[in-house]
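Here the structure is laid out as structure tokens; the discussion comes afterwards.
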Ligand SMILES: N[C@@H](CCC(=O)N[C@@H](CS)C(=O)NCC(=O)O)C(=O)O
């Protein structure tokens, strides 16, 4: 079966996982090309031609090449005319606000959990590292902000799922494995539980589990 587009990715990196979640939510199947970061494939001349930044994910749609996961999410949700990219201007602005917040605040602090507790130990066959008091304080601050934003709401923007939920939620796909301290954040836990029961979330988790098992 010919695929609609190609996605260069690495299945245990969160920026790739975001796009996998979206593809499963949209029921679209890209041609997945695994870039082995450990082997340095992302720094090869051929990959650097696609993304001079040397990072995954990268989408190739016909002659169109796009890196940056947030831009890929928006492109695909819009292209497939999904309300995951909402129609209303104000909702679009709010989705963008959360995508920028994720890139500037959430990513640094929450992304470190997945990276240090799951990805690096998996790659290096090493023990997870503990976090500094400063990191934990920042984690509390960021998680409290997010918890407040979800108070009384099922989704981040409007009353339906958007790419903002998918993008931010992707960082929590390894929350259990990373022993992420979420107990105190009841609205975050409720929101996450709603994502976790969806077929697209579960399908993505199964894809990831398969990768981890094969590699272990
Ligand atoms: N802002 C970029 C970040 C991409 C990124 O950092 N990708 C990581 C994997 S999650 C990567 O390829 N790292 C390899 C490297 O930096 O050498 C995005 O959102 O796509």
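Values in this text are rule-based calculations from the coordinates and carry no lab data. Only a predicted model underlies this, so the values are computations on that prediction, with no experimental measurement involved. Positions of Cβ are backbone-derived with ideal geometry, glycine not excepted, and every protein chain shown enters the neighbour counts.
Dividing the Cα radius of gyration of the chain by 2.2 N^0.38 Å, with N the residue count, gives 1.00.
Taking the Cβ-Cβ separation of residue 92 and residue 26 as r and a Förster radius of 22 Å, what is the calculated FRET efficiency to the nearest 0.05? Efficiency, from the Cβ-Cβ distance: 0.80. Build a GNM of the chain with springs between Cα atoms under 10 Å: which of 74, 127, 205 gets the top mean-square fluctuation? The residue with the greatest mean-square fluctuation here is 127. The distance from the alpha carbon centre of the stretch 153-189 to that of the stretch 84-147 is 10 Å, rounded to a whole number. Extending 7 Å from the Cα toward the beta-carbon at both residue 81 and residue 61 defines two label points whose distance is 1.4 nm.
Would you mind telling me which residue in 70, 25, 45 has the biggest mean-square fluctuation in a Gaussian network model of the chain, where springs connect alpha carbons within a distance under 10 angstrom? Its mean-square fluctuation being the largest, the pick is 45. When only alpha carbons of the stretch 89-215 are considered, Rg and Dmax amount to 15.0, 47 Å. Calculate the FRET efficiency for residue 179 and residue 33 from the Cβ-Cβ distance with a Förster distance of 35 Å, rounded to the nearest 0.05. Calculated value: 0.65. Here the extension length gained between residue 196 and residue 3 equals 66.8 nm, from 0.36 nm per residue of separation less the Cα-Cα distance. FRET efficiency for the pair residue 151 and residue 116, taken as 1/(1 + (r/R0)^6) with r the Cβ-Cβ distance and R0 = 35 Å, rounds to 0.75.
Most mobile of 13, 145, 204 per a Gaussian network model of the chain (Cα springs, under 10 Å)? Maximum among the listed residues: 145. Here is the P(r) of the stretch 31-103: all C-alpha pair distances, binned every 5 Å from 0, give 3, 14, 21, 20, 15, 13, 8, 4, 1 in whole percents. From least to most packed, judged by other beta carbons within 10 angstrom and beginning with the fewest, 118, 95 follow the order 118, 95. Once you sort the root eigenvalues of the Cα gyration tensor of the stretch 97-138 as a ≥ b ≥ c, which label holds: rounded (a/c under 1.5), prolate (a/b larger than b/c) or oblate (the other case)? Verdict is oblate for the stretch 97-138.
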